[in-house]
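Trainee: The structure is given below, and queries will be raised subsequently.
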Amino acid sequence: MSYPHQLTPEEKLADAKKLLSLPRIVVICGSTRFMTEMNEADLQETKAGSIVVKPGVDMKSPRALWSSPAEAEALKVRLDDLHRAKIRLADEVLVVGDYVGDSTRAEIAYARSLGKPVRFTHPEVDSDA
């Protein structure tokens, strides 16, 4: 007797996206020093018909929310978890900027471990190319 294949959460998400007729979802990654470039990439990807998700907080800009080192570290952990969730949701990753630091490198590795295609605005920074 053969049992039906149990769908993985990823397969369920892909099926839901199809059923909802969602356009391609692109997550923007990169150093927040490139927020201006991320906003431009968001505009271009949106114009091309994609849903875009990207970092929503630039912790390099001073704010009372992360004025203490303990608050800043706790927020960074939460934001990193949130960004990994955005990567899981997305169909594709777009890395913005001509520099890839440790955090962005970890995001790229995570996306590739999930089988997500990764594009670069500056392909020369792709250490796996």
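Trainee: Looking only at the stretch 24-44, filter to residues that are among the hydrophobic types (A, V, I, L, M, F, W, C) and not in a helix (DSSP H, G or I); which one of those is nearest to residue 106 (Cα to Cα)?
Mentor: 29
Trainee: Follow-up question, since we're still on this one. Any residue at all in the stretch 75-94 that is within 25 Å of residue 115 (Cα to Cα), part of a helix (DSSP H, G or I) and open to solvent by less than 30 Å² (accessible area, probe 1.4 Å)?
Mentor: Yes, there is a match, as at least one residue in the stretch 75-94 is within 25 Å of residue 115 (Cα to Cα), part of a helix (DSSP H, G or I) and open to solvent by less than 30 Å² (accessible area, probe 1.4 Å).
Trainee: Need pairs with beta-carbon distance below 6 Å; first residue at positive phi and within the stretch 90-104, second buried (at least 19 other Cβ atoms within 10 Å of the Cβ); sequence gap 6+ or separate chains.
Mentor: From residues that are at positive phi, the pairs are 97/30; 97/31; 97/34.
Trainee: Would the stretch 5-20 turn up any residue that is in a loop (DSSP other than H, G, I, E, B), more than 21 Å from residue 116 (Cβ to Cβ) and over 16 Å from the mean Cα position of the chain (by Cα)?
Mentor: Within the stretch 5-20 (the criterion being in a loop (DSSP other than H, G, I, E, B), more than 21 Å from residue 116 (Cβ to Cβ) and over 16 Å from the mean Cα position of the chain (by Cα)), the answer is yes, since at least one residue qualifies.
The values are calculated or read from the model by the stated rules, or taken from the named source; none is laboratory data. Since this is a predicted model, take the numbers as computed values, not measurements. Backbone-built Cβ (ideal geometry, glycine too); neighbour counts: all protein chains shown. Ligands, DNA and RNA are stripped out before the accessible areas are found, and what is left, the full protein with its side chains, is counted by its heavy atoms. Shrake-Rupley method; radii C 1.70, N 1.55, O 1.52, S 1.80 Å.
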